[in-house]
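One structure is given below, encoded as structure tokens.
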Amino acid sequence: MDAHAEICRAIDQYKEHAVSISHQIHEKPEPKFQEHFVAAMGIPHTTEPYARLRQAVPLPGPKAPAARSGARGRRRAGTQR
């Protein structure tokens, strides 16, 4: 096998390994990842008190969750339910 073919084979193996790892990461998120993500979007964090940050800067008080209307989310233009 010439050097070029050997390099191409090694690159293909690396790509397959990288894709395998990315699939493992994508398929096995923490069970409550979305809940943690949404809670962290609020400032201050919905469930974490951030005591040390509060000592350094004033943080707003916690907000009440927004009331959800009967809508189930956005829909694309031109589509019907």
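Rule-based calculations on the coordinates, nothing more; no lab input. Since the model is a prediction, treat every value here as computed from it, not as a measurement.
Each listed q (0.15, 0.23, 0.28 Å⁻¹) maps to a log10 I(q)/I(0) for segment 3-56 from the Debye sum over equal C-alpha point scatterers, namely -0.64, -0.88, -1.00. Here the gap between residue 33 and residue 57, fully extended at 0.36 nm per residue and compared with their Cα-Cα distance, gives a gain of 5.9 nm.
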